[in-house]
Every structure is written in structure tokens, then in C-alpha cells.
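Engineer: Take this structure, written in C-alpha cells, and hold onto it; I'll ask about it next.
Values quoted throughout were computed directly from the atomic coordinates according to the rules given, and no laboratory measurement underlies them. Fair warning: this is a prediction, and the values are worked out from it, not measured in the lab. All Cβ positions, glycine included, derive from the backbone under ideal geometry; neighbour counts span all protein chains shown.
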Amino acid sequence: MYAFLLSTAVIFVAELGDKSQLMAMTFATRYRARDVILGITAATAIVHLASVAIGALIGDAFAEHQHYITIVAGLAFLVFAAWTLRGDELTEDEAKKARNSRGMAIVAVGIAFFLAELGDKTMLATITLATQEGWLGTWIGSTLGMVAADALAIGVGALLGRNLPEKVIKYGAAALFAIFGIVLVLDGVVQL
């Protein structure tokens, strides 16, 4: 249960202000929100299943050196904080592709999100979490956290006409990543 709750919260925060949220809002202008959410859920479940498999293998392979993994995970979260401050933007070309996509909405959204998430900070954060926590809780929680953040973006975007308070989201998410990172680094150092 801890892995589920932790990964839900961490991935929700990681997704705030991410390019995927902008994609979700863009797709929601073309397709029904339900279809966008289903496409996001399918793509996220697949990407995050691969992520937790990678993280679990790393965690198991270096089980006796877990304190070093904890420190590296903390440093990774500090990098994610900096990455969040740098920000992600949806290019005009990416927005145009999302608006002009053809075919079944769920498939179009799913493929776009699958490709966008490969190597993204949410994928890397999921791998990082899975080195330390149970794979099933991490997988379900990370998938739920991402889908919830993207659903929030769709809803808030519709309500506010896409005038999201970007700076508040960016700085808040970066601060939470930094806090997670510092706590993990300190925990790893204490284990030495």
C-alpha cells in the first residue's frame, strides 16, 4: 500500500506542468475527454509496467547496496526538480499533430502518449521508485498518478480556458521533487 500511495503522489507531482498535460488538453479539444483518458491510461499502463520491471531488476540486482540506490534515487529526484523548473512545452508542430490526428481517438491518443512518455521524467521517476518499492503498487500508483494529473489538466483547462497558473505549478512541483530528493539522500546517508 505504501508503494501505491507514494508512487501515486510522486508521479502526480511529476506530471504537473509536463508536456503530457499539454498534449492531454490539446487532444481534449478534438476528442471526447473520456476517449482521451482511456488512451492515456492504456499508454501509461504499458510504459509504467516496463518502467517498474526495469526498476525492480535494478533494485534486486543491487539489493545489498540499497543505501547507494537510495542516494542515487534522491539525486535523481533533485535532477527531476531542476528538469521541472526548466519546463516542458508542446511545440506548435506537436500541437498541430494532436489536433489533426485521424482514426480512433483512443488509439491516436494512446500511441501519442506512449511515444511521448518514453524517456520522460515520469518514466524515469517510476523506474527510480521501483528500485525501492514493490512493483505492483508502484505500477498501479504511478499509472493512477499520471492519469489523475492529466485528467485534472483536461478539467482545469476546460474550466479556465487553458489559463493554468504555470509558475505556481512549476515551482510547487519542483519544490516537492526537491523535498523527496533530499529525504532520500539523507535516508541513504544514514544507512551507510
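Engineer: Between beta-carbons, use under 11 Å as the cut-off and find the net charge around GLN66, counting Lys and Arg +1, Asp and Glu -1.
Structural biologist: Residues close to GLN66 contribute a combined charge of -3.
Engineer: With θ set to phi - 60°, apply the Karplus curve 6.51 cos²θ - 1.76 cosθ + 1.60 along segment 55-63 and write out the HN-Hα couplings as whole Hz, x wherever there is a Gly or Pro.
Structural biologist: Going residue by residue, I get x, 5, 4, 5, x, 5, 5, 10, 4 Hz, with x marking Gly and Pro.
Engineer: Can you tell me the order of 24-34, 138-148, 42-52 when each peptide is scored by its average per-residue count of other Cβ atoms within 10 angstrom, highest first?
Structural biologist: The peptides rank, most packed first, as 138-148, 42-52, 24-34.
Engineer: Subtracting the Cα-Cα distance from 0.36 nm times the residue separation, let me have the gained length for ILE111 to TYR2 in nm, one decimal.
Structural biologist: Answer, rounded to one decimal: 36.2 nm.
Engineer: ³J(HN,Hα) across segment 67-75 via Karplus (A = 6.51, B = -1.76, C = 1.60, θ = phi - 60°), whole Hz, x for Gly/Pro?
Structural biologist: Calculated HN-Hα couplings, in order: 5, 5, 4, 4, 5, 4, 4, x, 5 Hz.
Engineer: Where in segment 125-151 does the label zone of ASP60 land, with the point 7 angstrom along Cα→C-beta and an amide N cut-off under 19 Å?
Structural biologist: Residues 126-140 qualify, since their backbone N sits under 19 Å from the label point.
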